Amino acid sequence: MKKIILLLILVTHALGFSLTASADEYRAQIGDQIAIMLPGEVTLNKEFQIDRQGRLTLPEVGMVQALGKTEPELAEAVKETLSTVFRDLSSLQVFVSKRQLLVTIQGYVEDPGEFTLKQNASIQMALYAAGGLRTGAQLDRFQLRRNGEVLTFDYKKFLDTGDDSLLPTLNSLDTLFIPASPMIGNVEQNFDPAALADSGDAAEDRKAIKVFGEVIRPGSFSAKEENNLVDLLMRAGGVTRYASVEQIRVISSNEPRTFNLKQYLDSGDESLLPNIVEGSTIFVPKQEEEIKTGSNTVYVMGEVAKPGAYEGKDDATFIDILANAGGPTRFAESRQIRVIKADGTTVPFDLNLFTEGKMVGGPPNIEPGDAIFVPEKLDLNEKSWLKVQPDRAVRIIGEVLRPSRIEWSDEMSLLDLLAHVGGPTSRADTSQIEVVTPVSANKSKSYTFNLDVFLKEGRPDSDLPPVRAGTTVRVHDLPDDPVDNKSKWIRQSSESSIYVFGQVGAPGRYRFTNEMHFLDILSAADGPTANADLHNIRVTHLDGKHARVSRLNLAMFFETGDSTLLPDVKMGDTIYIPEKNRNWLDRPKEETIRVLGAINRPGRYTFDDHMTILDLLAEAGGPSANAYIEKITVVNMSCCRDQARTFDLSEFSRTARFQDLPVLRVGDTVYVPTKEESTAEKIRQGITDIFQIAGIAALVGIL
């Protein structure tokens, strides 16, 4: 961008145009920008400023004197200096690109220092470059220093009139000095014009008259012959409402005197006015309050607009006296107003209840010597809990937003109390809220409150447990992940828990309600694992007189979606999910089928009613290579004791008649014989034996 600007300046200059009408006669000044253009030389194709010594500093060749030269003279001087390094200077261009001033600004400005300004810059532009005047600058004593001479001018007068001729013009190397006002003293501080104006008009004058004490604007004031004491008090803004106008003290000509302003105003006698001379001191003291006592005095204390002692009348009521004191403030706890009788007894009074028309009877009677105390309203963040006496407080602890001691009112309920402390937290067990309420001096009664049921069923407030002053409310927290909360189990009762054991993701003790069902608690335990035997889940029920066990085929539920298969689970029950590949000895014979003989994996197998003998043989690995599958024997032990039937697996594979499959029940036995046990094999073995005997006999006969 700079190269483009220089190129435009060069083109304009080459076409014979000048930046000003008198460019040929202009002589370079300190602060001017000189443009040098030499094609092919990057270090020279830029602008250079004339320094305070009137020189240009060029790369590789050093200093060139430029002050006071015209453009042709400046070009010749630069060319002569560059010729020691460069041979071809025919394309060299040198001219003044910017006419500027180098001015130093000192004193009471925001950013004093040395600044480069435009040639026609004014005093105001120079002040703007320095960040403006600081508050407290003396506007009528600006100084312009040039060549050892100091010119003082009034900048304030220029601001009042706008006359530019009142301001001097600026030259390079000028110094503009801004003095600070003597009103701000000799210590750096924040300047407050209003405060200085209010403090008088005499500054540090030793002849000034000093007025202080209970006046609106105390300060030092210049002495004037026509001013008397009243005039000086008026210049100080007058006396305050707390001034003791009967005891004004005046020191004039080193003689102290007391002046009664009230007496002067009542009589108008000017002879009472003291003589005020230069250097006098006037002090208006504060009026001292007298302690009001008397046989008919009533005292009002605490959070009222005007606490104090009041003269009572025979027909004055409690409301009259409270209203005369300005009434309770917005910080007053109007429910706990107390009247302290002259004999030391205390009478409580609830002003809110009285204004709502719910109080039986009227306000207490007030007699001379009584005191009415209106306490301060307690803040929820108040750390001093002793402000609430135990016989007026309820305690709420546990999982609420702001557990604390709360001042109790009889028209409140348990729900009001919970709302006042912010309500239960997200981890609160709202089905087991404990409330302990005193019923006598030495006896309390405990209640268990189910907030969930109360809200769900929309019960009336009459079903809430009673709460009064001295009650303790505890909101339990819900249990955490049972993997790491075993230390908290002691806070969870067995009657509200479900036990989950066996092949689940997180076995343990879980909080349970009657509204939840089997799948809820199984999901809470992270569900069955991959090794879980879903066909033989057992649930132990303890809700009756005797424990009973129910069985569940969860796989059947997943296949059919029949929710009637799920057991009814209550609090206190136990769920056990066994392992799929458990030891067969753990299963009773009434739950298994035995597979024996020529089978790849003989043993005991779990059998379901939807399985067939084909499923059972497949689970046992199938018949072995030596199996005689035409005579598989099935011994029925479940329905028909001591009865057996045979099954031809080979025939079934050809006909696929499923009605020929034998019926199996748990407890049965399946036997697969070997080929050696078949009838054909036995006949073949007998013929072989006969031939062997005949051969032996023939051999014996020959011998």
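Annotations for the structure displayed:
- Subset of region 494-515 [of a type in the set (A, V, I, L, M, F, W, C) and farther than 27 Å from Asn450 by Cα]: Phe501, Val504, Ala506
Matching residues to (1) of a type outside the set (Asp, Glu); (2) buried (at least 18 other Cβ atoms within 10 Å of the Cβ); (3) within 30 Å of Pro168 (Cα to Cα); (4) within 60 Å of the chain's Cα centre (by Cα):
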site	(1), (2), (3), (4)
Arg27	yes, no, yes, no
Leu58	yes, yes, no, no
Glu80	no, no, no, no
Asp111	no, no, yes, yes
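- For region 292-340, a tally of residues being under 45 Å from the mean Cα position of the chain (by Cα), hydrophobic (A, V, I, L, M, F, W, C) and surrounded by 19 or more Cβ atoms within 10 Å (Cβ to Cβ) returns 7.
- Within region 129-143, the set of residues being over 17 Å from Pro168 (Cα atoms) and either outside the structural domain of Lys118 (by TED's automatic domain parsing) or not aliphatic (A, V, I, L, M) (or both) comprises Gly131, Gly132, Arg134, Thr135, Gly136, Gln138.
- Checking each residue in region 143-157 for being more than 19 Å from Leu102 (Cβ to Cβ) and either at pLDDT below 90 or under 57 Å from the mean Cα position of the chain (by Cα) (or both) picks out Asp154, Tyr155, Lys156, Lys157.
- Of all residues in region 616-639, those that are surrounded by 12 or more Cβ atoms within 10 Å (Cβ to Cβ), out of contact with any strand residue (DSSP E or B) (no Cβ under 7 Å at 6 or more places or on another chain) and modelled with pLDDT under 85 total 1.
- Among residues of region 36-56, those that are hydrophobic (A, V, I, L, M, F, W, C), in a strand (DSSP E or B) and within 60 Å of the chain's Cα centre (by Cα), counted: 1
- Among the candidates Gln143, Gln100, residue that is in contact (Cβ under 8 Å) with a residue 60 or more places away in the chain and either surrounded by fewer than 13 Cβ atoms within 10 Å (Cβ to Cβ) or not aliphatic (A, V, I, L, M) (or both): Gln100
- Conditions (1) among the hydroxyl-bearing types (Ser, Thr, Tyr); (2) over 28 Å from Phe221 (Cβ atoms); (3) touching a helix residue (DSSP H, G or I) at 6+ places or on another chain (Cβ under 7 Å): number failed by Thr175: (3)
- Sole exception among (1) more than 30 Å from Arg146 (Cβ to Cβ); (2) at pLDDT below 80 for Glu270, by number: (2)
- Matching residues, region 650-680, being hydroxyl-bearing (Ser, Thr, Tyr) and within 15 Å of Thr633 (Cβ to Cβ): Ser650, Thr669, Tyr671, Thr674, Ser678, Thr679
- Within region 228-249, the only residue that satisfies the criterion of being in contact with a Pro (Cβ under 7 Å, 6 or more places away or on another chain) and farther than 12 Å from Leu261 by Cα is Ala236.
- Residues that are modelled with pLDDT of 80 or more and crowded, with 18+ Cβ neighbours inside 10 Å were ranked within region 491-508; the one that is nearest to Pro528 (Cα to Cα) is Val504.
- Here Ile276 meets the list (1) assigned to a strand (DSSP E or B); (2) in contact with a Ser or Thr (Cβ under 8 Å, 6 or more places away or on another chain); (3) over 30 Å from Lys341 (Cβ atoms) almost entirely, failing just condition (1).
- Of all residues making up region 551-563, the number that are of a type in the set (D, E, K, R) and in a loop (DSSP other than H, G, I, E, B): 1
- Among the residues of region 564-612, just one is part of a loop (DSSP other than H, G, I, E, B), at pLDDT 85 or above and either in contact with a Lys or Arg (Cβ under 6 Å, 6 or more places away or on another chain) or among the basic types (Lys, Arg) (or both), namely Arg601.
The values are calculated or read from the model by the stated rules, or taken from the named source; none is laboratory data. Because the structure is predicted, anything quoted here is derived from the model rather than measured. FYI the Cβ positions are ideal-geometry reconstructions off the backbone, even for glycines, and counts take in every protein chain you see.
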